[in-house]
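The values are calculated or read from the model by the stated rules, or taken from the named source; none is laboratory data. Just so you know, these numbers come straight off a predicted model, no measurement behind them. Virtual Cβ from ideal backbone geometry, glycine too; neighbours counted across all protein chains shown. The accessibility values were calculated without ligands, DNA or RNA, using every heavy atom of the protein model including side chains. Shrake-Rupley method; radii C 1.70, N 1.55, O 1.52, S 1.80 Å.
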Amino acid sequence: MTDRASLEPWTSFWRPWIAASLAPQQLWQSINSGWSFGNVIVNENNSSAPQTEQAILAEDSYGRQIGKLLDAVDALVKRQPDWDRTEAYSEVAELKGRVDGVKHAMALKRIDQLRRDLDMLRDSADAADRTQYEASMAALRGLLSPSPPGTPKPPR
């Protein structure tokens, strides 16, 4: 077995050449040169104003923006007398139906998760959890009680 000390002359001779050939000669990284949202990457290569897009997304996600446009296009399409016989119009209506189906399915999943979360708080040994459960149930009961006609819905 060879000890490390006997290898030192050999390794010290090659170390400068190995380091020079393997290590980058200049290290740099731009800070916040772009950003991503899911699988969408916005940077100076694909947007003339990436900061503006980021600010818009902070207000309304791409999904919300596209959803509003889809609702509007679907409403306009269904005003056309031949909407159900025109392929492009029918495809818009089908897309809207699929999107609405996903929204419905996800709402049901969220309700199921809410039920599980409330059960966990209710059954917890921690008094703070049970207090939170009672407060949550009171808030839900307030939302579920019938409102007088014409009463605006509370903001979400």
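Note on the stretch 53-87: residues that are within 23 Å of Lys103 (Cβ to Cβ) and in a helix (DSSP H, G or I) amount to 22. Exactly one residue out of Arg130, Arg115 is without any contact (Cβ under 8 Å) to a residue 40 or more places away in the chain, in contact with a helix residue (DSSP H, G or I) (Cβ under 8 Å, 6 or more places away or on another chain) and open to solvent by 90 Å² or more (accessible area, probe 1.4 Å): that is Arg130. Residues in the stretch 120-136 include none that are outside any helix (DSSP H, G or I) and at pLDDT below 95.
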